[in-house]
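Structure first, commentary second.
The values are calculated or read from the model by the stated rules, or taken from the named source; none is laboratory data. Predicted model, so just to flag it, every value in this text is computed and none were measured. Cβ coordinates were reconstructed from backbone atoms using ideal geometry, including for glycine residues, and neighbour counts include every protein chain displayed.
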Amino acid sequence: MSGPHCERAPPATTPFTGVDMVLRTGTSADAAAAAALHAGQIREGFLASLGPRFLGRLYRRVPHVPGSFLLVVEAEGRIAGFLAGSVDVRALYREFLIRDGAFAVFDCAWRFIRSPRRVFETLRHGTSEEGGEPELLAVAVDPEARGLGGGRALVEGFLTEIARRGRSTAHVVVASGNDRAVALYRRTGFAVVERFELHRGSESLLMRHSASSPREPS
Ligand SMILES: CC(C)(COP(=O)(O)OP(=O)(O)OC[C@H]1O[C@@H](n2cnc3c(N)ncnc32)[C@H](O)[C@@H]1OP(=O)(O)O)[C@@H](O)C(=O)NCCC(=O)NCCS
């Protein structure tokens, strides 16, 4: 909200200055921070609606599944952003279901029951023909640290990581109205290959990157 009578509450933490923003591989110890960023900053997709406890469990699993990884950017000793990626999304969901399925059902059953259509839409996407291609699953940067290059560092880190694993193409699904994210993906060499409705009534973009895609200069 804006206007003279609606002052924004001061941020709970001091703003990041962007000095010494460092990219590194994430571990299970970063899962809670990644989950909080996902639940708080990503407005789209079914996963965000499952809440930080579910996401924390998922992100604790990610670094332990071969082919899946977390990246984080740190500024001033705090986590300023995270990215989750995978070269084998099916293996990630399979491992999560096997090892954490009981927790997921117990913790989130009511959400699944309340929105079965969104669960179906999400799973259908997860088993689509892109299922065998590396996927950028989620990326978010703390609002206090945006516009400082953290998002670009994370996406470029993702591309470096999949190349290190011998893969030359990748995709991401993003809401067409998410201008900042779409701009970030375009600037790092992704291009729109398809427009579709992942969830009824809202348009999503499938964007793909291939090793030959040009990355725009910073
Ligand atoms: C998308 C997001 C990760 C970008 O993070 P960021 O740290 O601000 O990104 P960067 O500072 O590295 O900027 C990268 C590019 O994003 C774009 N961008 C940055 N700030 C922008 C703004 N205010 N408006 C429009 N585009 C912007 C620019 O194209 C920029 O290109 P450049 O590197 O050539 O300057 C961040 O806005 C975010 O966390 N959004 C909410 C979560 C989300 O929607 N994630 C995507 C869905 S999974």
Legend entry - Residues located in region 50-67, provided they are of a type outside the set (A, V, I, L, M) and farther than 22 Å from Gly40 by Cβ: His64, Pro66, Gly67
Legend entry - Segments classed as helices (runs of 4 or more DSSP H), wholly inside region 1-82, with at least 3 members that are at pLDDT below 95 and touching an Asp or Glu at 6+ places or on another chain (Cβ under 7 Å): 51-61
Inset, instruction - Please determine, by comparing only the residues of region 171-194 that are touching a Lys or Arg at 6+ places or on another chain (Cβ under 7 Å) and more than 9 Å from the ligand (Cβ to nearest atom), which one is nearest to Ser213 (Cα to Cα). - result: Gly189
Inset, instruction - Scan region 142-153 and report the pairs whose first residue is under 17 Å from Ala39 (Cβ atoms) and more than 6 Å from the ligand (Cβ to nearest atom) and whose second residue is in a helix (DSSP H, G or I) and of a type outside the set (Gly, Ala, Ser), with Cβ atoms within less than 9 Å and a gap of 6+ or a chain change. - result: Asp142/Leu37; Asp142/Gln41; Pro143/Gln41
Inset, instruction - Quick one: which residue in Arg167, Arg215, Arg195, Arg152 is on the phi < 0 side of the Ramachandran plot, under 17 Å from the mean Cα position of the chain (by Cα) and either among the basic types (Lys, Arg) or at pLDDT below 95 (or both)? - result: Arg152
Inset, instruction - Determine whether Ala109 is small (Gly, Ala, Ser), modelled with pLDDT of 90 or more, over 15 Å from the mean Cα position of the chain (by Cα) and farther than 24 Å from His171 by Cα. - result: no
Inset, instruction - Could you tell me whether Gly150 is in contact with a Phe, Trp or Tyr (Cβ under 9 Å, 6 or more places away or on another chain), of a type outside the set (A, V, I, L, M) and under 14 Å from Val72 (Cα atoms)? - result: yes
Legend entry - Residues of region 155-170 satisfying the condition of being buried (at least 20 other Cβ atoms within 10 Å of the Cβ) and either farther than 23 Å from Thr17 by Cβ or near the ligand (Cβ under 7 Å from one of its atoms) (or both): Phe158, Leu159, Ile162, Ala170
